[in-house]
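Some notes on the structure that comes next.
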Amino acid sequence: METSGITWKNLSTLILAVGATAFAISQAPANDEAIFPMPAGKTYVEECGSCHTAFAPGLLPARSWRRMMGELANHFGEDASLEEPRRLAILKDLETLASDSPQANMRMRRINGAIPANTAPQRIADTGYFKYMHDEVPKHIWQRKKIGTPGNCIACHTRANEGRYGEREVRIPQ
Amino acid sequence: MKRLVAMIALLATQPAAAETPQQILDALVAQAGPASAARGEQLYRAKSAAGKTANACTACHTDNAKAAGQHVKTHKAIDPLAPVAQKDRFTDPAKVEKWFKRNCQEVLARACTPQEKADFTAYMISIK
């Protein structure tokens, strides 16, 4: 193996890296952990995680994402527009992993249950579940310079871009 | 076995279409003519009355392009813009173009000219 320059070790690393991407979307997280499935590949984090946290699709229902992805040129006052087919590919991932998708886990269903069916909220921080989960965070903490707004998940949930919101991964910046 | 290795290696390397900051600058200079890092620094620091929420590049990228910035609206941390401090900066032409488009619009309420982009890139590369 040495002579070919490829060892079993780095070959298996490659296989793992390729396999992990395909596996990520099919992986169903345990129901009791605060882990949300994320779109496979880097596109979502690169396109939707540049200005803010790459929000887990399971935090909102598909109708919210459809509305948002149809108005990207005026996205909270910002131009976040994307070329096709990239926009459609991201929308498809968001729909597949949304809080009301058939494969939603228990936590996602709870999130969904707190959103009235006739609304399509655009702000995660306005949803009932978010408020309930953060009602013990005092107001002055949100105003800290490194946090600034409740939508800045990744300031406290250090692995939010991987869909991980577990207690052990929370670090509230000073 | 060899074929499998080759296929996997191909899969793993395909997305890397990286260029160097100098190559990106050269392509901009080819459109615009000679670049000036001094003019680029002026663009970086200039206060603009046209910006809705951000009145300068420094509003998000801070006065020091070697330091981490923070998005004025979302408060998310932004990696430094100078390649000397953040090595993947100015290595992906499509990414550079996308953010010039967005951020010039945001701050200046217009697109940046090829000359401005060349100057700005020259300034970022000149930071040591």
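Which one of these is farther than 25 Å from B:Ala77 by Cα and either part of a helix (DSSP H, G or I) or open to solvent by 20 Å² or more (accessible area, probe 1.4 Å) (or both): A:Gln122, A:Gln103?
A:Gln103 is the lone residue from the list that is farther than 25 Å from B:Ala77 by Cα and either part of a helix (DSSP H, G or I) or open to solvent by 20 Å² or more (accessible area, probe 1.4 Å) (or both).
Mind counting the residues in segment A:125-160 that are under 29 Å from A:Ala40 (Cβ atoms), open to solvent by 40 Å² or more (accessible area, probe 1.4 Å) and within 14 Å of chain B (Cβ to nearest Cβ)?
So the count comes out to 3.
For segment A:153-174, how many residues meet the condition of being closer than 22 Å to A:Glu33 by Cβ, among the polar types (S, T, N, Q) and out of contact with any Lys or Arg (no Cβ under 6 Å at 6 or more places or on another chain)?
Qualifying residue count for the region: 1.
Which pairs do you get when a residue that is more than 9 Å from B:Lys128 (Cα to Cα), found in segment B:82-93, comes within reach of a residue that is among the hydroxyl-bearing types (Ser, Thr, Tyr) and not in a loop (DSSP other than H, G, I, E, B), reach meaning Cβ atoms under 8 angstrom, with the pair 6+ apart or on two chains?
B:Phe90/B:Thr121
Given the criteria modelled with pLDDT under 95 and among the basic types (Lys, Arg), does A:Lys139 qualify?
Criteria met by A:Lys139.
Can you name the residue in segment B:66-78 that is more than 10 Å from every other protein chain (Cβ to nearest Cβ) and either part of a loop (DSSP other than H, G, I, E, B) or open to solvent by 40 Å² or more (accessible area, probe 1.4 Å) (or both) and is also nearest to B:Ile125 (Cα to Cα) among such residues?
It comes out as B:Lys66.
Among what's in segment B:43-65 and is away from chain A (no Cβ under 14 Å) and either touching a residue at least 40 places away in the same chain (Cβ under 8 Å) or in contact with a His (Cβ under 9 Å, 6 or more places away or on another chain) (or both), pick the residue that is farthest from B:Glu106 (Cα to Cα). Walk me through it before giving the result.
Looking only at segment B:43-65, we keep the residues that are away from chain A (no Cβ under 14 Å), and these are B:43-50, B:55-58, B:63-65.
Add one more test, that the residue is either touching a residue at least 40 places away in the same chain (Cβ under 8 Å) or in contact with a His (Cβ under 9 Å, 6 or more places away or on another chain) (or both), and what stays is B:43-44, B:48, B:50, B:55-57, B:65.
Working: B:Leu43: 14, B:Tyr44: 13, B:Ser48: 10, B:Ala50: 8, B:Asn55: 8, B:Ala56: 9, B:Cys57: 9, B:Ala65: 18 Å.
Here the residue is B:Ala65.
State yes or no: is B:Val96 more than 9 Å from the chain's Cα centre (by Cα) and either closer than 22 Å to B:Ala37 by Cβ or within 11 Å of chain A (Cβ to nearest Cβ) (or both)?
Criteria not met by B:Val96.
The values are calculated or read from the model by the stated rules, or taken from the named source; none is laboratory data. Worth saying up front: this structure is predicted, and the values here are computed from it rather than measured. As a convention, Cβ positions derive from the backbone with ideal geometry for all residues, glycine included, and neighbour counts pool all protein chains shown. Quick note on the areas: whole protein, heavy atoms, side chains included, nothing else; ligands and nucleic acids left out. Shrake-Rupley method; radii C 1.70, N 1.55, O 1.52, S 1.80 Å.
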